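Structure record follows, encoded as structure tokens.
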Amino acid sequence: MARNRIVWCNILCLACMVTVGVSPVGVSPVGAQTSTKKPVVERSPLLKEPTTPEESFAASVLMVDLARLDLAAKYLDQFQESEPDDSLLLRLRDKHGTAEFLKLAATKELQPGAMTLLEQLNAAARKQAEDPAIVDAMIQRLIQGPPERDLAITELRNAGAAVVPEMLRKMSEPAMTEYQDTFVVALTRMGNQVIPPLIGALDSPDERIRAAVIDTLGWLDAAEAIPYLWFPAFDEQQPMGVRDASRRTILKLSKGSADRGDQLSSVVASNELKRLAKMLYRNTDILPVGEQGGVNLWSWDSQQGTVTEKNVSPDIAALFLSTRFARQSLALSPEQAEPQRQYLASLLGLEVLRHGWEKPRVADPGSAMYLGLTAGEETMAQVLKEALEAGRPSTAVAALEVLSQIGTREQVLSQSGLKSPVIAAINSPDPRVQFAAATTILKLEPKHGFSGSNRVVSILARSLTDSHNSRAIVIDADNRRGSFMTGVLSEGGFEGFLAAAGRDGFEQATTSAGVEVICVHVNCQRWDLTQTLSNLRADARTSAIPIVVYGPAGVRESVSRLVVRSTPAVYVTESATSSDFLDQMLPYMKTLRTPAMSPVERDQQKSAAAYWLANISSGSLGRIFDVSQAEKELSTAAEDPAIAKNALIAIAGIASGSAQRRLSDVALNPQTNEGIRQTAASQLAYHIQRYGLSLTKDEVIDLHSGWKQTQSPIVKSALASVIGSLRPNPTIVGERLRQFPTPPAN
């Protein structure tokens, strides 16, 4: 009302003012001097110019209402020149409301000053809400009686949701028991902003707090609170008052009346909680995401005795809530298998995401992995199956690691005519799941071949060639445009590779590790766009890699259906500037669930891949898995100090002349670490013994020369075993024996 009185008073004053006119243009008298006229500036409608910061702010707000934005900017500048402190900003907020600051910030002509002012107010409000002494003073005014109560509620409402934790803490004090209704009224009048922290307070151990919160949520018509009321409405451990209040509120919010309690039961509640848990597990997008891409979660903190807020990723938030609802459903219906699996699945996925992908999963007592070990093979296989269906790679990886410890060989065989979920996992669109499936199969030590066994070695081979960079493949027949695109992607943090044809790009994508995105120009050739996208989506190795189709703006509509069918995919308008292209592409990339693998994680996979390929090559698993598929990648890895020894052992199991030649090259390379050279020489001797000599005459001569010239004792000794494996004739043997001196007598 005060605000309206100010507006109408100034408008009436404006109407009563004498209008200053402009003299009409006429002809100057003969002989009179001609004068230059100055432009007339329209006067301010205010009778009195503001003299204080408070008046300057009020004048600026009024001028926005009157569409006098020039004067609004002038008075706002005057206000900011006074350098207002936090206390003044908060007083103005309490007097005019936050909406007036938002209105100024939304006015283009007042930028950037108005936006800076809003940021200053927000900072002051945060400091106020985080200061227990200030909040306590508000609460003390709240309980002093009607004269102070309205002012206190206004202050609390303006301070926002950040003051709710302190209010809840105060409510739990025994001395505040008689003021519970006052707190409920205050929280209700603070509006919908208090709903999230109040939902978190439903887990308070204090019955009075829970009852007050439930009443407040009902008064606020907080339909979003219904999922959180099902459990307290039917949990036998809850006091009867809390159960009754929860049921009444559910009925009021869902049915519009609290008189139809016969429609509710513990079975209904359990099924609804089960549905909610499954929905959150399968669909992260239903949660509200803030400006920074996170979800704000409020939960009860027993140490602080109130609620606390955390900002977490949408994936973590969805799995956290899924565990909550699944556990509550399980508590109401403990005999049902589905909520059991759902609870375990959400726990496993949440544990992986919270600990970090690169950290090894350890089945310590109290961990979800430990719980998974106790659940048994059948339950874990079903958890894996459902994780693959839901697109939950974090749960799938954890389930595979559990199965690798408790599973049997039957996991790689068809079960009751259905495909094993472990075998299905090697064709998962997620590379982490693929790798975990491949290593799980190897740990289970199958005795016979199975459909898809060739995928195991190809998955391991791809991991050997990971460059630690996020790779991007550009498919563009125009070399100049394609080269420009690889440069643009480089600015975006990707290592770009150019392919001139769709077929070539597909080949690169299926054989390279670390490919994070594939960019395809609309005029793709030698597979056209439709065929290229279809093949990329049909192959398990590339089916989940994001695709960016780029081209002229006018083509977007004609390929929109194709792009939608190729999800995850997006159309980006080609641009002459890298920043414009990346501004379109990178926000889309950030919406994708699974983050790119870290260098640590990639090193772990590379090391494990080399170990398993060596194990296959030198053991009985070689009868089922063909290591020769990985010869190219193993050859590249043969001089990588971190994995060279296992790579060389794996190469020694490949019956080819090129494998023998590669072992010889590494053994004779003086620039290579002597430990790696020793391993290469030992494996070369083994390869010659196992598969026979396939080196050329010149290569054998080089081998002899390298043996004689090397100065490293350990390399020389290892090469000696190679020389012996060449089956020297008696003449050569005799010559070597004569060169060895007779040992001394002592």
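Below, the figures for the structure above:
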read-out: With eigenvalues of the C-alpha gyration tensor scaled by 5 and rooted, the chain, Å; value: 68, 40, 25
read-out: Potential extension, GLU109-THR52 segment - 0.36 nm per residue separation minus Cα distance; value: 18.2 nm
read-out: Using alpha-carbon coordinates, inclination of helix 454-464 to the longest axis of the chain, degrees; value: 70 degrees
read-out: Distance in nm between pseudo-label sites at SER721 and ALA137 (7 Å out along the Cβ direction from Cα); value: 8.2 nm
read-out: Cα gyration tensor category, rounded, prolate or oblate, for the stretch 613-671 with a/c compared to 1.5; value: prolate
read-out: Kirkwood Rh in Å, taken over the stretch 77-141 so that all alpha-carbon pairs contribute; value: 12.6 Å
read-out: Cα-projected label distance for GLU207 with SER579, points at 7 Å along beta-carbon direction, nm; value: 6.3 nm
read-out: Relative contact order (%) - criterion: Cα under 8 Å, at least six apart; region: the chain; value: 5 percent
read-out: Candidate lysines for bridging to LYS274, where Cα separation is under 20 Å - those fewer than 8 sequence places away on the same chain excluded; value: LYS385
read-out: Full-extension gain in nm, GLN120 to SER451, via 0.36 nm per residue minus C-alpha separation; value: 112.7 nm
read-out: Three-way shape label, the stretch 173-260, alpha-carbon gyration tensor, a/c 1.5; value: oblate
read-out: HN-Hα J in Hz across the stretch 481-497 - Karplus 6.51, -1.76, 1.60, θ = phi - 60°, x for Gly and Pro; value: 5, x, 5, 4, 5, 5, x, 4, 5, 4, 5, x, x, 10, 8, x, 10
read-out: Cross-link reach list, lysines versus LYS255, counting only Cα pairs under 17 Å and skipping chain neighbours closer than eight places; value: none
read-out: Using alpha-carbon coordinates, inclination of helix 529-538 to the longest axis of the chain, degrees; value: 70 degrees
read-out: Value of [θ]222 nm, deg cm²/dmol, for the chain, DSSP H segments ≥ 4, -39500 (n - 2.57) each, nearest 500; value: -18500 deg cm²/dmol
read-out: Prolate/oblate/rounded call for the stretch 655-711, Cα gyration tensor, a/c under 1.5 rounded; value: oblate
read-out: For the stretch 63-80 versus the stretch 126-149, the gap between their alpha-carbon centres in whole angstrom; value: 33 Å
read-out: The stretch 421-463 - Debye-derived log10 I(q)/I(0), Cα point model, q = 0.16, 0.29, 0.32 Å⁻¹; value: -0.33, -1.11, -1.32
read-out: Rounded FRET efficiency, nearest 0.05, which uses the C-beta distance separating ALA337 from SER87 and R0 of 56 Å; value: 0.40
read-out: Hypothetical label at ALA223: residues of the stretch 261-290 whose amide nitrogen lies under 20 Å (7 Å Cα-Cβ projection); value: 261, 263-264, 269, 272-273, 275-277, 279-280, 285-289
read-out: The stretch 467-596, relative contact order in percent, only Cα pairs under 8 angstrom and at least six apart counted; value: 22 percent
read-out: Straight-distance crosslink candidates among aspartates and glutamates, where the alpha carbon sits under 19 Å from LYS252 and sequence neighbours closer than 8 are dropped; value: ASP215, ASP221, GLU224, ASP244, ASP262, GLU272
read-out: Placed amide H near GLU495: partners under 5 Å, 5+ positions off or other chain; value: SER470, ARG471, ALA472
read-out: Spin-label proximity, ASP478 to the stretch 518-535 - amide N less than 12 Å from point 7 Å beyond Cα toward beta carbon; value: 521-524
read-out: Stretchable slack from LYS74 to THR188, in nm (0.36 nm times residue separation minus alpha-carbon distance); value: 37.1 nm
read-out: Cα-derived Rg over Rh, computed across the stretch 160-316 with Rh taken as Kirkwood radius; value: 0.96
read-out: Helix 180-189 axis, angle to the chain major axis (alpha carbon atoms, nearest 10°); value: 90 degrees
read-out: Rough spin-label spacing in nm, given labels placed 7 Å along Cα→Cβ, for SER598 and LYS359; value: 0.9 nm
read-out: Over 25 Å between alpha carbons, listed pairs LYS310/LYS606; LYS632/LYS716; LYS127/LYS310; value: LYS310/LYS606; LYS632/LYS716
read-out: Sites ARG526 and GLU178 - FRET efficiency at Förster radius 60 Å, r taken between beta-carbons, to 0.05; value: 0.15
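Just so you know, all these numbers are worked out from the coordinates, no wet-lab data involved. The structure presented is a predicted model; accordingly, all values stated were derived computationally and were not measured. Because the Cβ atoms are built from the backbone with ideal geometry, glycine has one as well, and the counts that use them run over all protein chains shown.
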